[in-house]
Amino acid sequence: MLLEFRCSNHRSIRDEVLFSAIAGSDKTHAENIEKVADVEVLKSAVIYGANGSGKSNFIDAIAFVKNLVSNSINHQPGQGILQVPHKLDGYERKSNYKIQFIVDGIRYAFGFSLQNMLVVDEYLYYFPNGRQTKIFERMGEDYSAGRNFRNRFNSCKDVLKPNRLMLSCAANFSSVDEVTAAYRFFKDELVIYSSVNQDNWMNYSLHQINANEQIKAIVLKFLDALGTGIKDIHVDIKKEDLDIANLPPFLSDEFKKILLQKKIDAISAKVLYEGFETDLISEESTGIKKLFGILCPFIDIIVNGKVLVCDELESNLHESLLFGLVKQFVNTRGSKPAQLIFTTHETGLLNLDLFRRDQIWFTEIKTKDRSTDLYSLTEIKNVRKDENFGKGYIAGKYGAIPMLNLNFADVISSDM
């Protein structure tokens, strides 16, 4: 589970922002808390904010850390780390990333700093028996191992470069269980959902439904619980030759020849209702298609206890379906607890008694430098536990929304 994430100098985020999933003193909604490694952790959190306030940039920062840990081992000599700093600071100022998480009941702390597109420092700690213990610390290309890990990273010396994270190198060139566990969190257990990978999720879901009857049964059970009226789905996947007419014209003849030698998956999916059926791709609504695309990954995340970080989860989904997904996520238990962190504009969720105050977060643009601020509802004074959070948010009580004081009639008349 993700405990906290801090970052600075990343896109619209200039000064350090902190997100925490560690439960506060609030006693409401005990079902939304999971005690892991002696820490009470929130199973879900939601982030609100106006368009352009930095919600997506915060999700992007988490995705950036995941991708850098997973892939920096592949960076070539002379290749800089592709990261976008704040406009007013640029690459000359450090960009800091710090994250704490739990894997297999053990708490970890990992962090690094970038400057001029290279790694300047990095650390990895863990907390056996609740006490912070160093696994490694790194400055530039030099590192020191903790007392229990001396001489365990010698094989990393030749592969550690300024454009690679040591965690990435150590996971691939050493055999330290604690490093493997930390790397696995980023590689496999931290899942990022955005508009960029929606097609991949749909393909994954349809392949799972086609190949695994147990997964299909769970998907249908979820669809029934969400009140969709769907009784069954028939998926057919065939291998077909690629049609040369569908290839982009700018490809070379040699490359086209290579592509035409490969088979592609031709997928068809029929959705069955009471008395009729529809074609999933050509006839169903974007909301139903998104449901099918997201359900199998959702189930995998719940069953295997992963962390889902999602940007604009409500996109193309009705409020009731969004509520149902969040409720199912929190209430369904797998072998270990799963966690959902998402951004949304859907204020109706705040009126449905879903969240505690420490589960509700906001992003807001600071007027002085157009940078992102991130804060929890618990940081705002005079907010009662039983307050109508949705109404308070729309009224501007918590900030984080555009206050439209403009009289459009006056503007139009003054320009005519």
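Some notes on this structure:
- Residue match in segment 359-368 (condition: out of contact with any strand residue (DSSP E or B) (no Cβ under 8 Å at 6 or more places or on another chain) and in contact (Cβ under 8 Å) with a residue 40 or more places away in the chain): no
- Some residue of segment 141-163 being in contact with a Leu (Cβ under 8 Å, 6 or more places away or on another chain), at pLDDT 95 or above and closer than 22 Å to ASP60 by Cβ: yes
- Condition met for PHE136 (part of a helix (DSSP H, G or I), of a type in the set (A, V, I, L, M, F, W, C), at pLDDT 95 or above and touching a strand residue (DSSP E or B) at 6+ places or on another chain (Cβ under 6 Å)): no
- The numbered conditions (1) part of a loop (DSSP other than H, G, I, E, B); (2) of a type in the set (S, T, N, Q); (3) farther than 29 Å from ILE365 by Cβ are all true for GLN83 except (3).
- Candidates PHE127, PHE153, PHE149: the one that is under 30 Å from ASP38 (Cβ atoms), surrounded by 13 or more Cβ atoms within 10 Å (Cβ to Cβ) and touching a residue at least 60 places away in the same chain (Cβ under 8 Å) is PHE127.
- Filtered residues of segment 96-122 (kept if charged (D, E, K, R) and either in a loop (DSSP other than H, G, I, E, B) or not assigned by TED's automatic domain parsing to the domain that holds CYS156 (or both)): ASP104
- For segment 88-95, the count of residues that are surrounded by 17 or more Cβ atoms within 10 Å (Cβ to Cβ), at pLDDT 95 or above, assigned by TED's automatic domain parsing to the domain that holds PHE355 and within 20 Å of LEU167 (Cβ to Cβ) is at least one.
- Considering only residues in segment 66-75 that are surrounded by fewer than 22 Cβ atoms within 10 Å (Cβ to Cβ) and in contact (Cβ under 8 Å) with a residue 12 or more places away in the chain, the one that is nearest to LEU114 (Cα to Cα) turns out to be SER72.
- Of all residue pairs spaced 6 or more apart or on separate chains, those with beta-carbon atoms under 8 Å, a first member in segment 93-113 that is more than 19 Å from ASN67 (Cβ to Cβ) and a second member that is in a strand (DSSP E or B) and of a type in the set (Val, Ile, Thr) are LYS94/VAL120; ILE102/VAL36; ILE102/VAL39; ILE102/VAL41; GLY105/VAL36; ARG107/VAL39; ALA109/ILE99.
- When every residue of segment 318-340 is checked against the conditions, at least one turns out to be under 18 Å from the mean Cα position of the chain (by Cα), in a strand (DSSP E or B) and assigned by TED's automatic domain parsing to the domain that holds ALA182.
- Matching entry among PHE355, PHE342, PHE329 (being under 28 Å from PRO85 (Cα atoms) and modelled with pLDDT of 80 or more): PHE342
- Only residues that are farther than 12 Å from PHE101 by Cα, within 18 Å of the chain's Cα centre (by Cα) and either outside the structural domain of LEU349 (by TED's automatic domain parsing) or part of a loop (DSSP other than H, G, I, E, B) (or both) were counted across segment 13-52, and they come to 1.
- Of the residues making up segment 137-177, just one is among the β-branched types (Val, Ile, Thr) and farther than 24 Å from GLY78 by Cβ, namely VAL176.
The values are calculated or read from the model by the stated rules, or taken from the named source; none is laboratory data. These numbers were taken from a predicted model, which means no experiment stands behind them. Reconstructed Cβ throughout: ideal geometry from the backbone, glycine too, with neighbour counts over all protein chains shown.
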